[in-house]
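These notes are about the structure you will find just below.
Please treat every number below as a calculation from the coordinates, not as lab data. The structure displayed is predicted, hence computed values, not measured ones. Positions of Cβ are backbone-derived with ideal geometry, glycine not excepted, and every protein chain shown enters the neighbour counts.
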Amino acid sequence: QPENLQKNWLREFYQVVHAHKPHFMALHCQEFGGKNYEASMSHVDKFVKELLSSDAMKDYNRARVYLDENYKSQEHFTALGSFYFLHESLKNIYQFDFKAKKYKKVTGKEIYSDTLESTPMLEKEKFPQDYFPECKWSRKGFIRTRWCITDCAFDLVNIHLFHDASNLIAWETSPSVYSGIRHKALGYVLDRIIDQRFEKVSYFVFGDFNFRLDAKAVVETLCAKATMQTIRAADTNEVVKLIFRESDNDRKVMLQLEKKLFDYFNQDVFRDNNGTALLEFDRELSVFKDRLYELDISFPPSYPYSEDSSQGKQYMNTRCPAWCDRILMSHSAKELILKSENDEKIVIYDHIGPNVCMGDHKPVFLSFRIAAGAGKPIANVHKCCVVQ
């Protein structure tokens, strides 16, 4: 139901824009065009036109839109979309040209699609196929842009990491093989954005990291008093299903686990108190604690929600709910946003559309203020003033 879903999605998005009134806004999207992108790309064009021309966005007189729509290029296609909106009150804002190695003043509204490889205002890369050989054609990768506002330079990285292909494989080991694949890809991106080619600046990395709860630990906790039944395929003897039943209570089924089934009898555990009790099993980021910072999570797992438009709070029973969608930052970026905070609560990390169907992922947002000149110790200020 793309038309219906887009209407709901944009209404919720505009409410957040109206509530926070940002001067600079970055919107990072993944899987543009969805799974059937050849048939669905027309919906993308409608979405972009609506965003750029809507009454809710009329005060944003400059915009940059980067859409990787070149699905015929197996070598490069990432299906990533990065939108940047600049409020009319924002005076001096510059974007970095990676080829010319200089900042350029941002004017007007521009859309780039198809061949982003030739656009010098960004860096885009798809992860090598051998990172996730199980997947015949992955679209995972990243897009990086660099900005300078009020003498403060920073990178914004739109990222999409690898998913869990099988619940059964994820359950076998702790940590799972898939979390290892994600660590490798995220490490690659972090190394890339702080390499020697350009000046180092603060950075924000946000998108669908596909981080999952430690499957073995979470199942053992959820089914601590259950007995497990293993069902195998008759021809190959391969495990195809695990059934966890309560030891008493008429052997009630608590959890059924298959390659693409995670059917737990009580979804409230993922929703009550925003699923906080399960945060201890969210461990994938701990590997990067020296390199990345995240504000405290106070929203429920962002994936996988039902795509039925009448079920805004219901999870699908395909995967264990997890905080896949995140906004992470370098430690220098953390200093930048927390240093600007005063008595009122300025920094907000939350999700959008808690009661409305937003698709299988709930969008996550971070709102903060940067005080004028806050970035002076971090960025070489004079470089932001080179305008072409």
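Mean sequence separation of contacting Cα pairs (under 8 Å, at least six apart), scaled by the length of the chain, corresponds to a relative contact order of 15 percent. Judged by the mean number of other Cβ atoms found within 10 Å, the most tightly packed of the peptides 211-220, 74-83, 350-359 leads the ranking 211-220, 74-83, 350-359. Placing pseudo-labels 7 Å out from each Cα toward the beta carbon at residue 361 and residue 184 gives an inter-label distance of 2.2 nm. Computed from point charges on the beta carbon alone (+1 for Lys and Arg, -1 for Asp and Glu), the dipole magnitude for the chain about its Cα centre is near 1060 Debye. Here the convex hull built on the C-alpha positions of segment 112-174 has a volume of 137 cubic angstrom per residue. Ranking 194, 236, 41 by Cα position along the charge dipole of the chain, where only Lys, Arg, Asp and Glu carry charges on their C-beta atoms, puts 194 farthest toward the positive end. When peptides 226-239, 47-60 are ranked by their average number of other Cβ atoms within 10 Å per residue, the highest-first order is 47-60, 226-239.
Taking a temperature of 25 °C and a viscosity of 0.890 mPa s, what whole-number D in µm²/s does Stokes-Einstein yield for segment 264-342 with Rh from Kirkwood over alpha carbon pairs? The Stokes-Einstein estimate is 170 µm²/s. Among all the aspartates and glutamates, which ones have a C-alpha under 18 Å from residue 104's C-alpha, if same-chain residues fewer than 8 places away are not counted? Residue 104 reaches 88, 123, 151, 155, 199. Take the Cβ-Cβ distance between residue 20 and residue 45 as r, set R0 to 41 Å, and report the resulting FRET efficiency rounded to the nearest 0.05. Working from the Cβ atoms, E equals 0.90. Dividing the convex hull volume of the alpha carbon atoms of segment 156-237 by its residue count gives 120 Å³ per residue. Put simply, the C-alpha atoms of segment 281-320 give a gyration tensor, and the ellipsoid matching it has half-axes of 28, 12, 7 Å, longest first.
Ranking 298, 347, 314 by Cα position along the charge dipole of the chain, where only Lys, Arg, Asp and Glu carry charges on their C-beta atoms, puts 347 farthest toward the positive end. Between the listed residues 174, 253, 20, the Cα displaced farthest toward the positive end of the dipole of the chain, a dipole computed from Cβ unit charges relative to the Cα centre, is found at 20. Checking (1) 154; (2) 208; (3) 228 against volume of the Cα convex hull per residue in Å³ calculated from these atoms, the matching label is (1). Pairs of lysine residues in segment 198-297 that meet both criteria, 8 or more places apart or on different chains and Cα atoms under 24 Å apart, total 15. Eigenvalues of the alpha-carbon gyration tensor of segment 1-57, scaled by 5 and square-rooted, set the equivalent ellipsoid semi-axes at 22, 12, 10 angstrom, largest first.
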